[in-house]
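Here is the structure we will look at.
The values are calculated or read from the model by the stated rules, or taken from the named source; none is laboratory data. Keep in mind it's a predicted model, so treat the numbers as computed, not measured. Because the Cβ atoms are built from the backbone with ideal geometry, glycine has one as well, and the counts that use them run over all protein chains shown.
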Amino acid sequence: MTDMLGQYEAVTPAGTVEFLRQLGRRLEGTRLLHVNSTRYGGGVAEMLHRLVPLFEELGIRTRWEIMTGSDLFYQATKSFHNALQGTSQRISKALLDAYVETNRDNIERLDLDADVAMIHDPQPAALIDARPPGARWLWRCHIDVSTPQSAVWQFLRPYVSRYDAAVFSLPKFARRLPVPQFIVYPSIDPLSDKNRELSIEQVDTILEKLGIPSDKPILLQVSRFDRFKDPVGVVEAYRLVKQSHDCRLVLAGGTAADDPEGAVVLAEVQEAVGTDPDVHLLLLPPTANLEINALQRAATIVIQKSVREGFGLTVTEAMWKGKPVIGGDTGGITVQLMHGYTGYTVNSPAGTAFYIKRLLNEPERMEIIGRQAKEFARNRFLITRHLQDYLGIMIQLARRTA
Amino acid sequence: MTNAAASGQSTVAPDRAARPFQFVSCMELREVLGKRAMDEARLLELIEEVSTDSIYYHTHSCYLRHAYAQSLYPNDFATWVAIHAHDRVLGEKLGVLDPFAYRSPEELRQDIITIMDDHLNRNPARYRYTTGEPFDFVRSHVIEAPLNRHSWTLAEFRDAVQEVEVGALYNHLCEARMRKTPGFDDFSYWIAAKDGLQRPELAGQVERVVRLGLNLEGMRARIVGLCDEELRRKRS
């Protein structure tokens, strides 16, 4: 068997892999099932691709099932997703029926036999109807459901309440439920294309390909063109900095074909940028992992000026690369950026500009914050910690049953 | 007078313990309790009613969570009132509490309540101040796993302390002291024990390290340093 876990020894805190192996011993032979709605695209699928073989290596017999559904079902779950994150939606009875029927069809189609099942996000939540006797089922919610549209949450709640436990990414994302609610932060994989080490030559080559000169300090924000990420606010902050410091701004992201608002926001950003040759808008495909990696490594300062954020893993990615990050004072960003220690949190373009200037003026401060950020990320936001938390939940559930 | 006698160590302290020190690491699984405060008065009410597991989590777990980066204060209540409730005075009063000075989370809870109650009575305007960031009460489940590390001698012990995962330090220094054998950490207990290394002076020094207010990496460095000093003294 390949020693995948062993490869993490060089990048994780001392003793981490040894401890994982010891925890794994307590669960050896357990049959674990993950269910979600897509094998490719999105953070959940990306993480499962990396986690499943690690579970296997620990002796946990792990399967991953994907549910399938009609266009109507995906329309329903997209609306659920928006409504649960607080955007008002009109959801017809036909959509609710499509959700229930698709889950029922998948109960017939999928092999749900396992000792522990981890059901990811709202799409497959209704599969709970098919929990085999004695099995322990977890609902893993990756989105912020702290202020949901009530009707949608009330529709989902009876399903979620029947699980053995729910897992959220932050305490403030949790809801009132009659089952235990555990907290597991998301993570990044330090060995993936998006985060692995790159040589200076590799970074330079990729930057050249992207048309970004490295003659001036680079300010970078990597995110979708979405109002919650406030790209126009970033341009405003850059303009304030530019009055005194020569630098470049790179806004790298994409717009999804099914997201009409993305194109509108991109147009707004283009208008804000005008003809400034030092601002680069990059529309990257979701597969551009190496490009993102190179941009983050080339950046002088990374910005994630969100006004609303789930967890914000782009912040962790930059911290892992030893970069000082300035992030919006919201959601999971506040868990990652300890103000003045592992980065800065801000509430306005003016605040963003203030800390960019402070960092540009004090390279030694950039170096210290970057180093502390990397150690913090190493300790708290790597995939090994994620795996450890999931093992802990499985052990805790087994303890309760016993 | 020999060095050992001068330092108060037993002249017959064995090189090898009769019982090895077995390192056990642990992780903390966090469970949110669904209890949330938006102001100091509600925070006080909930501190009075939550389980001691939650008090323990908010006053001790920061040592594990912030092993590489101490937050403003070493307990969540102090940090939250100072940063989110903008009450630096109360933050300072709570922040100075030494969790290792208490023999149980319940004792610590009573002192926190007394401090907060007194502060709110003196500053009634605080009752009307609502924060933007909630305080969510959490409790933790500690899950242990023994490591393949047994130390029979001081040198082996020193090397293991240097290398083990930070969870093992938390388990033997924090968990042991507050929840398993109140008042004693596992390291100093074994170093002084009759079936351990029988070095009470060194044990006392290790015990004092826990009370210095360091993070776990800081405690690790100090304890390794004390072991090195003792090994040097023994060699000379």
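Scanning region A:188-202 finds one or more residues that are in a helix (DSSP H, G or I) and either in contact (Cβ under 8 Å) with a residue 60 or more places away in the chain or surrounded by 17 or more Cβ atoms within 10 Å (Cβ to Cβ) (or both). For region B:21-33, the criterion of being away from chain A (no Cβ under 14 Å) and modelled with pLDDT of 95 or more is met by at least one residue. Out of the residues in region A:1-16 that are within 11 Å of chain B (Cβ to nearest Cβ) and under 23 Å from the mean Cα position of the chain (by Cα), state the one that is nearest to A:A114 (Cα to Cα). That would be A:T16. The residues of region B:153-182 that are away from chain A (no Cβ under 11 Å), of a type in the set (S, T, N, Q) and surrounded by fewer than 16 Cβ atoms within 10 Å (Cβ to Cβ) amount to a single one, B:T181.
For region A:336-350: of the residues being buried (at least 17 other Cβ atoms within 10 Å of the Cβ) and touching a residue at least 40 places away in the same chain (Cβ under 8 Å), which is farthest from the other protein chains (Cβ to nearest Cβ)? Result: A:P349. The residues on offer are A:D230, A:D204, and the sole one that is under 19 Å from A:T334 (Cα atoms) and not assigned by TED's automatic domain parsing to the domain that holds A:A83 is A:D230. If you check A:K357 against the conditions, is it touching a residue at least 12 places away in the same chain (Cβ under 8 Å), among the basic types (K, R) and in contact with a Lys or Arg (Cβ under 8 Å, 6 or more places away or on another chain)? Judged against the criteria, A:K357 is not a match.
Every test in (1) outside any helix (DSSP H, G or I); (2) free of Cβ contacts under 8 Å to residues at least 40 places away in the same chain; (3) under 18 Å from A:I218 (Cα atoms) is passed by A:L282 save one, and that test is (2).
Among the residues of region A:29-57, which ones are within 14 Å of A:Y390 (Cα to Cα) and not in a helix (DSSP H, G or I)? Passing the criteria: A:T30, A:R31, A:L32, A:L33, A:H34. May I ask you to verify whether A:Q304 is modelled with pLDDT under 95, within 15 Å of the chain's Cα centre (by Cα) and not assigned by TED's automatic domain parsing to the domain that holds A:M47? In short, no.
Selection of region A:370-402 for residues being away from chain B (no Cβ under 11 Å), touching a Lys or Arg at 6+ places or on another chain (Cβ under 9 Å) and more than 30 Å from A:P133 (Cβ to Cβ) yields A:G370, A:I383.
Looking for something within 11 Å of chain A (Cβ to nearest Cβ), over 15 Å from the mean Cα position of the chain (by Cα) and in a loop (DSSP other than H, G, I, E, B) - is there at least one such residue anywhere in region B:47-56? Within region B:47-56, not a single residue is within 11 Å of chain A (Cβ to nearest Cβ), over 15 Å from the mean Cα position of the chain (by Cα) and in a loop (DSSP other than H, G, I, E, B).
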